[in-house]
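The values are calculated or read from the model by the stated rules, or taken from the named source; none is laboratory data. None of the values given here were measured: they were computed from a predicted structure. Heads up, the Cβs are rebuilt from the backbone with ideal geometry, glycines too, and the neighbour counts pull from every protein chain shown.
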Amino acid sequence: MKNVSTYGRIVLAIAVLLSATVSLSGAKEGRVRVAATTTMVADLAESVAGDFATVTGLMGPGVDPHLYKATASDINTLQSADLILYNGLHLEGRLADILVKLGRRGKPVYAVTESIPEDKLLEPEEFQGHYDPHVWFDPRLWALCVDTVVTALSKVDPVHTKEFKERGESVRADYLSYYEWGQKYMAQVKPGQRFLITSHDAYNYFGRAFDFTVVGVQGISTQSEAGLADIVKIGEFIKQKEIKAIFVESSVSPAAIRRISEDSGAKIGGELFSDAMGAKGHMGKAADGSSFDLGTYEGMVKGNIATIAEALK
């Protein structure tokens with residue numbers, strides 16, 4: 001019995017030592033746990049945080065944030081996070097109520113769009129008094145969101161403030177370079193063909209940034225179908241302007257666009273990313289030879305620009 005007892009104490013001591021080692025390793029790692037709503041917000045958080053945070057995105061590729069309902073797993077992720085980042089401007093719909101409640105209870109919750117001046121936001125009539133939340137389609141505006149992410153990360157992890165600021169400056173420069181790339185790439189589309197017709201009204205900021213007239217067949221809705229009168233009206237508009245191509249979206253039903261394509265004769269120029277990025281590791285390529293991961297913000301921006309330009313040039 002004495003030998004067994006001694007053996008048991010040795011095993012217990014080893015277990016305690018291993019547990020302490022694991023605990024110390026975790027503490028040494030010191031990663032902030034960040035929960036992000038959309039794929040764009042998650043990518044922004046990962047880009048600024050680097051190895052100093054573990055970012056968990058709630059929504060995946062092709063998910064519509066307007067209609068998204070939080071799962072039990074999402075609630076656990078939000079409650080256990082050190083920091084929560086979301087788009088804001090009413091993009092997240094029903095999920096926004098949960099985020100507000102968590103913020104009131106003391107959880108660090110930040111809308112990344114907080115750092116965009118109101119005079120740079122669009123307030124189209126169809127948004128009924130609200131700002132258009134699809135700001136990521138203008139890389140210059142998305143670059144302004146970097147400030148909020150840097151501030152939020154620095155508050156929950158002040159030790160790495162310097163690193164967050166340095167990475168933030170680099171990310172901002174990258175985003176601005178995407179805009180410059182887009183301007184040059186879009187130069188091949190003639191002014192008379194600068195019409196972007198899609199399923200829903202998500203591309204107003206894109207239109208302003210790249211000088212396009214934007215038409216969303218279903219308005220701001222991603223769920224309801226376009227009415228027959230709207231389909232006929234847009235079909236006539238396409239014929240009148242001799243528009244070559246119209247586009248479906250990755251997170252919206254393509255039914256209305258397909259019907260308009262059949263009626264008007266305009267081809268479907270391809271699928272655009274709207275409220276979510278693509279799957280990571282899926283590569284896209286532009287006519288200038290550049291390639292990009294469609295599961296990143298860079299890939300989302302450049303993929304859309306290349307698709308639009310190639311179909312309308």
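Observations on the model:
- Among the candidates Glu163, Glu126, Glu169, Glu92, residue that is in contact (Cβ under 8 Å) with a residue 40 or more places away in the chain, of a type in the set (D, E, K, R) and over 22 Å from Phe206 (Cβ atoms): Glu163
- When the residues of region 108-119 are filtered to those that are within 19 Å of the chain's Cα centre (by Cα) and not aromatic (Phe, Trp, Tyr), the one that is farthest from Leu89 (Cα to Cα) is Val109.
- Verdict on Val135 being more than 17 Å from Tyr203 (Cα to Cα) and either of a type outside the set (Val, Ile, Thr) or not assigned by TED's automatic domain parsing to the domain that holds Arg208 (or both): no
- Residue check for Ser221: at negative phi, small (Gly, Ala, Ser), more than 16 Å from the chain's Cα centre (by Cα) and at pLDDT below 95: yes
- Residue satisfying all of: in region 95-126; among the charged types (D, E, K, R) and under 23 Å from Arg172 (Cα atoms); surrounded by the fewest Cβ atoms within 10 Å (Cβ to Cβ) among these: Asp119
- Single unsatisfied condition, Ala96 versus (1) closer than 21 Å to Ala279 by Cβ; (2) touching a His at 6+ places or on another chain (Cβ under 8 Å); (3) not hydroxyl-bearing (Ser, Thr, Tyr): (1)
- Residue match in region 268-290 (condition: in the same structural domain as Glu249 (by TED's automatic domain parsing), among the β-branched types (Val, Ile, Thr) and more than 18 Å from Tyr179 (Cβ to Cβ)): yes
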